[in-house]
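The values are calculated or read from the model by the stated rules, or taken from the named source; none is laboratory data. This structure is a prediction, so every number in the text was calculated from the model and none was measured. Positions of Cβ are generated from backbone atoms using ideal geometry, with glycine treated the same way; all protein chains shown enter the neighbour counts. Side chains are part of the model used for accessible areas, which takes the heavy atoms of the whole protein and leaves out ligands, DNA and RNA. Shrake-Rupley method; radii C 1.70, N 1.55, O 1.52, S 1.80 Å.
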Amino acid sequence: MKAIELKQLLKQMTISEKIGQLQQLTADFFTSGASEITGPVKEANLSPEMIYQAGSILGVSDKEKVRAIQAEYLAKNRLKIPLLFMADVIHGYKEIFPIPLAMAATWNPELVRQTAEFAAKESYVNGLHVTFSPMVDLVRDPRWGRVMEYNGEDPYLNSRMARAYVQGYQGDQNDLRQPNTIAATVKHFAAYGAVEAGREYNTVDLSRWQLFENYLTGYQAAIDAGAKLVMTSFNIFEGIPVTANEYVLRTVLRDKLGFKGTVISDWDAVEEIINHGTASTGSAAAEQALRAGVDIEMMSFNYNKFLEALVDKGILSVSLIDEAVLQILTLKNELGIFEDPFRGLDATLTEQDQVNGTKLALTAAKESLVLVENKQKALPLDERKSVIVLGSLANTGELLGGWSWHGQPQETESIIAALDHAKIKYRFVDDQNHTALNHLDEISGDSILLFLGEPASQTGEATSKTDLRLTSTQRRLLSLAASSGKKVISIIMSGRPLIDSEIYEKSNAVLLAWYGGSEVAQAICTTIFGKNNPSGKLPMSVPRNVGQIPIYYNHYSTGRPETSPDEKDKYVSKYLDSSNQPRYPFGFGLSYSNFEYGIPKLSSAVLTKTKSIELMVDVTNTSLQSGVETVQLYIHALVGETVRPVKQLINFKRIMLESHETRRVIFTISETDLRYVHSNLQSKSDLGDFEYFIGSDSNVNKKGNFELRDVE
Ligand code: BGC
């Protein structure tokens, strides 16, 4: 349809048909439906007329159900405007990839793009039009369960991943009429990740400067990559619920970030404006949300109930409703569903597609593993020797992680099955087998594989915790393993960094395996026995204790920075009972290879607005094993109009090095890399001096200086 035809269609619509387009329902409202519920469901009392005018539904995507619902709907919808189908495809549809936090640990945006592309293909053939992904809320607090859904604590890494997800979902040409594409929704706008004390749905109090400086980067990257939808967040900003916040949704989102697509509320978020206490009635909530620019109300019903009366009374102008309806009609048109309401339903995945998906899930799982401890090269193990396996997580297919909707845990290979598959000799000791647990030293094998972590049900939405330690059963296993005299290899499955010094201190090696998806068991086994060399790097600092939270590498210096840990230096920014440093810093991850960095060289120590410079460093793999290193480039501006982070990632490169191979890595540094948000919220660079740091993780020391001048 042409834009003009959409406007003609809009003209034919009654006010109630228009308002219907703004309503999102679950499939349960349709005779042919039944869907996944991800939030509270309130009594709706919608008339059948309203149901068959609703613009979109969420949470259903089984081919046959989609077909039946669309057919049922079109038969009853006067203007035959097809329904949009949306759902949470977060890290795969049926083929499940590692959780987003684990994908971020790959530091491989191209791999992220490929997994999103595969998820789009599977979603497309099952009739989905829109996914509620990527989630790019910046988080510095692992108490918040939703850290499993995000891309880490760094704005630059976040933005690289955000772009990759959108490109993967929406395809190379960013044309949703192409097969195998779905529209991306960047969420949750904005600053949901800054909830106080890591408590789910809690208050956010963030300065505009901080919002622009760190939190908007991910959303901006997704919008620039063409994301078609934005979902509002549950939190407040500057005292006003985001879903009712004109500053956030119009000034920031539309004017500053240049978003032109559809804004959808989060589940029930329009209704929750009443709980927040800035509206006393559903009518006021509907008015505030529409004025703020929310086009679709997800799973509450205030637009439906109150907008018409608000227009009749002259409180709201119909043009505001038209604006929202036109957004939705445009999205439907971009997806081509006016011409083909059953888009994608006749397509299927080939056998080769399935094989490729499984391969991709294995690659992603392998690359997402982060080795944080490897004392005396405890890993890799010799596959000819027998091992002892402890921990119930070794004996389950529940390895997919939260938000893995169509994933099949019952078909997912467990660790035990993967060991069998690889013909490794092992003895699995059940958590309840106290006799064997008390005599581990008598069981043959000199290494123990200890599977620890948190259940997937304790990760994701509504899973905030204050205690990020192991359970008491797991601590007991760890303690028995450690006192057996055997090598303890701990493999941690979690949706966030666990904060328990015992894990890291009592184990000889620690592998962070997150929730790694359909193929994670094989990925873990091949890594432990040396057929895969770990290369993941932490996307998030691992704190020493909960008291250090929020903790992040790109903090500011303060007026009294702690320059060296000297006890006599009392009046500096530090703790009496803990180091300021995390246990493992952002960007950290070990390999079975050793990498050595040469002395970096700059093509010139001066760059200008028009002339960039190059930074070169030789990296050598000094070990016998080939491996992947992620070379990270950080900078620090010595002076800024606003304070500058002590270090800030501006680029990274993943390189594969054969044994004893040396590779020159070259980064270009240009003026745009030096821009930052000033007090007037504008992003620009300042002339002046910079330090740079290049190395294996964010803890790397300063390597040199350069200068930004107006002339050479
Ligand atoms: C979550 C969103 C999700 C939505 C729809 C909400 O509870 O916050 O992230 O997309 O439900 O399932």
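For region 220-296 and region 567-597, what is the separation of their Cα centres, given in Å? Here the two parts' Cα centres lie 39 Å apart.
Which percent, to the nearest 5, of DSSP beta bridges fully inside the chain are antiparallel?
Counting only bridges with both partners in the chain, antiparallel ones make up about 50 percent.
Computed over region 3-335, the alpha-carbon pair-distance distribution with 10 angstrom bins reads 6, 28, 37, 24, 6, 0, each value a whole percent. Shape analysis of region 571-712 places it in the oblate category; the axes a ≥ b ≥ c from the Cα gyration tensor give an a/c of at least 1.5, with a/b not above b/c.
Among the listed pairs LYS18/LYS256; LYS76/LYS332; LYS375/LYS423, which have their C-alpha atoms separated by more than 23 angstrom in this model?
Result: LYS18/LYS256; LYS375/LYS423 exceed 23 Å.
Bridging of LYS94 to lysines at a Cα separation below 16 Å is possible for LYS63, LYS121, LYS359, once same-chain residues fewer than 8 apart are set aside. Each Lys or Arg adds one and each Asp or Glu subtracts one; over the other residues with Cβ under 9 Å from the Cβ of GLU454, this totals +2.
Relative contact order of the chain: 13 percent, from C-alpha pairs under 8 Å at least 6 residues apart in sequence.
Provide the net charge surrounding ILE416, with neighbours chosen by a C-beta distance below 12 Å and charges set as Lys +1, Arg +1, Asp -1, Glu -1.
Here the charged neighbours net out to -2.
Residues in region 109-118 carry Karplus couplings, in order, of x, 5, 5, 4, 4, 5, 5, 5, 5, 5 Hz; the curve used is 6.51 cos²θ - 1.76 cosθ + 1.60 with θ = phi - 60°, and Gly or Pro positions show x.
Using C-alpha pairs below 8 Å separated by at least 6 residues, the relative contact order for region 386-480 is 42 percent.
Counting only protein heavy atoms and a 1.4 Å probe, the chain has 38 square angstrom of accessible area per residue.
Once you have a ≥ b ≥ c as the square roots of the Cα gyration tensor eigenvalues for region 351-528, tell me rounded if a/c is under 1.5, and otherwise prolate or oblate according to whether a/b is larger than b/c. Oblate is the answer for region 351-528, as a/c is 1.5 or above yet b/c matches or exceeds a/b.
Roughly speaking, to the nearest percent, how much of the chain's 1.4 Å accessible area is carbon and sulfur? Answer for the chain is 48 percent, counting heavy atoms of protein chains only.
Pairs of Cα atoms nearer than 8 Å and 6+ residues apart set the relative contact order; for region 64-205 it is 26 percent. Taking θ as phi - 60° and the Karplus parameters 6.51, -1.76 and 1.60, the scalar couplings of region 314-328 work out to x, 6, 10, 8, 5, 5, 5, 5, 4, 4, 5, 4, 4, 4, 5 Hz in sequence order, x denoting glycine and proline.
Add -39500 (n - 2.57) for each DSSP H run of 4 or more in the chain, then divide by its residues: what number comes out at 222 nm, to the nearest 500 deg cm²/dmol?
-7500 deg cm²/dmol
Cross-link list LYS7/LYS305; LYS385/LYS465; LYS574/LYS703: which exceed 29 angstrom alpha carbon to alpha carbon? Too far apart for the 29 Å limit: LYS385/LYS465.
Shape call for region 299-356 from the C-alpha gyration tensor, a ≥ b ≥ c root eigenvalues: rounded (a/c under 1.5), prolate (a/b greater than b/c) or oblate? Since a/c reaches 1.5 and a/b is larger than b/c, the shape of region 299-356 is classed as prolate. Which of the aspartates and glutamates could a cross-linker span from LYS486 if the Cα-Cα distance has to be under 12 Å and same-chain partners fewer than 8 positions apart are dropped? Hits, sequence-local ones excluded: ASP441, GLU442, ASP446.
Rounded to the nearest 10 degrees, the inclination of helix 472-482 to the longest alpha-carbon principal axis of the chain is 30 degrees. Straight-line cross-link reach from LYS260 at under 14 Å between alpha-carbon atoms covers these aspartates and glutamates, not counting any fewer than eight positions away in the same chain: ASP224, ASP295, GLU323, GLU334.
Other residues with beta-carbon under 14 Å from the beta-carbon of ALA365 carry, at +1 per Lys or Arg and -1 per Asp or Glu, a net charge of -1. Here the 3J(HN,Hα) profile of region 209-217, calculated from phi with Karplus coefficients 6.51, -1.76 and 1.60 at θ = phi - 60°, is 4, 5, 4, 6, 5, 10, 7, 7, 3 Hz, Gly and Pro shown as x.
Around the Cα centre of the chain, unit charges on the Cβ atoms of Lys, Arg, Asp and Glu (plus for the first two, minus for the last two) sum to a dipole of about 800 debye. Gyration tensor analysis over the Cα atoms of the chain returns equivalent ellipsoid semi-axes of 43, 32, 24 Å (largest first, whole Å).
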